Amino acid sequence: MSQYKIIFTGPVGAGKTTAINSISDIPTVKTDATASDMAKNRKPATTVAMDYGMMNLDGGEKVHLYGTPGQERFDFMWDILTSGGIGLILLLDNTRADPFQDLRFFLNAFDDFIASTAVAIGVTQMDLKNSPTLAEYHQQLHGLNLKPPVFEVDAREHNDVSLLVQALLYALDPGLKGE
Ligand SMILES: Nc1nc2c(ncn2[C@@H]2O[C@H](COP(=O)(O)OP(=O)(O)OP(=O)(O)O)[C@@H](O)[C@H]2O)c(=O)[nH]1
Ligand SMILES: [Mg+2]
């Protein structure tokens, strides 16, 4: 049976932990800790090590889902978690001060991994703030010579997250199909 590993990353509050929880076919493992500086992110807890979940594909393959911490002070986990991965999901929170800066920061932090695998981008919280638009994200990416799939995603919605994962899997291998 084939087993794959993909990694969810992105800034604090983008919805990595939520997204993995939304699509996992098994109870997820979380390492959320309460942090006093999290109030500004509308949430009381932040990932300090990793998230883990797992998704079964139609063909019997298993996709292991790993989430990174968003906070840079835990960035030593980023390399550890990408090891052996086949692709990256980058979640961005449209309500943050400068989502394009987040975009550039995370593409740069994971550039070696992306160069040897693939990336798909999900923009969350677009229900709360609808600018920048997806077209503007495409423009930014075009300027960086990248053409990854970009979707509006509500991390709480199974279908949204599933579509994003399927786009990543399709970019990697058109033979892989999600649920
Ligand atoms: N309104 C709205 N809320 C969302 C959306 N996506 C996610 N959320 C909420 O945003 C919050 C995201 O929190 P987490 O999943 O903990 O974020 P995270 O990326 O794991 O953050 P760190 O672990 O701190 O890096 C949760 O409260 C979600 O319910 C969205 O599209 N719209
Ligand atoms: Mg988290």
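The values are calculated or read from the model by the stated rules, or taken from the named source; none is laboratory data. Remember, predicted model here, so these are calculated numbers, not experimental data. Here Cβ is always computed from backbone atoms with ideal geometry, including for glycine, and neighbour counts include all displayed protein chains. Heavy atoms of the whole protein, side chains included, go into the accessibility calculation; ligands, DNA and RNA do not. Shrake-Rupley method; radii C 1.70, N 1.55, O 1.52, S 1.80 Å.
Would you grab the residues whose amide H sits under 5 Å from the one on M50? Only those 5+ places off in sequence or on another chain, please, with H modelled 1.01 Å from N.
Result for M50 returns T31.
May I ask you to give the average projected area over all directions of the convex hull of the Cα atoms of the stretch 1-85, in nm² rounded to one decimal?
One quarter of the hull surface, i.e. the mean projection, equals 5.6 nm².
Using only the Cα atoms of the stretch 105-179, build the gyration tensor, take square roots of its eigenvalues as a ≥ b ≥ c, and label the shape rounded, prolate or oblate: rounded if a/c is under 1.5, else prolate if a/b is larger than b/c, else oblate.
oblate
Under a point spin-label approximation (7 Å from Cα along Cα-to-Cβ), what is the K147-D112 distance to one decimal in nm?
2.8
What are the trypsin sites (Lys or Arg not before Pro) within the stretch 99-179 that DSSP puts in a loop, where the Cβ has at most 14 other Cβ atoms within 10 Å?
Numbers: sites: R104, K129, R156, K177; in loops: K129, R156, K177.
Those that pass, being in a loop and sparsely packed, are K129, R156, K177.
In Å², what does the accessible area per residue of the stretch 98-179 work out to with a 1.4 Å probe?
Per-residue accessible area for the stretch 98-179 comes out at 55 Å².
F8's amide H: which non-local residues (gap 5+, or another chain) put their own amide H closer than 5 Å, with H modeled 1.01 Å from N in plane and none for Pro or chain starts?
Those lying under 5 Å, H to H, from F8 are Y66, G67, T68, I89.
Under 8 Å for C-alpha pairs, at least 6 residues apart: give me the relative contact order for the chain, rounded to a whole percent.
It rounds to 25 percent for the chain.
May I ask which of K16/K62; K30/K62; K16/K129; K5/K43; K43/K129; K62/K129 have a Cα-Cα span longer than 23 Å here?
K5/K43; K62/K129
Quick check on the chain: of the DSSP beta bridges with both residues there, what percent are antiparallel, nearest 5%?
Percent antiparallel among DSSP bridges in the chain is about 35.
What's the carbon and sulfur percent of the stretch 30-119's accessible surface, probe 1.4 angstrom, rounded to a whole number?
For the stretch 30-119, the apolar C and S fraction of the accessible surface comes to 51 percent.
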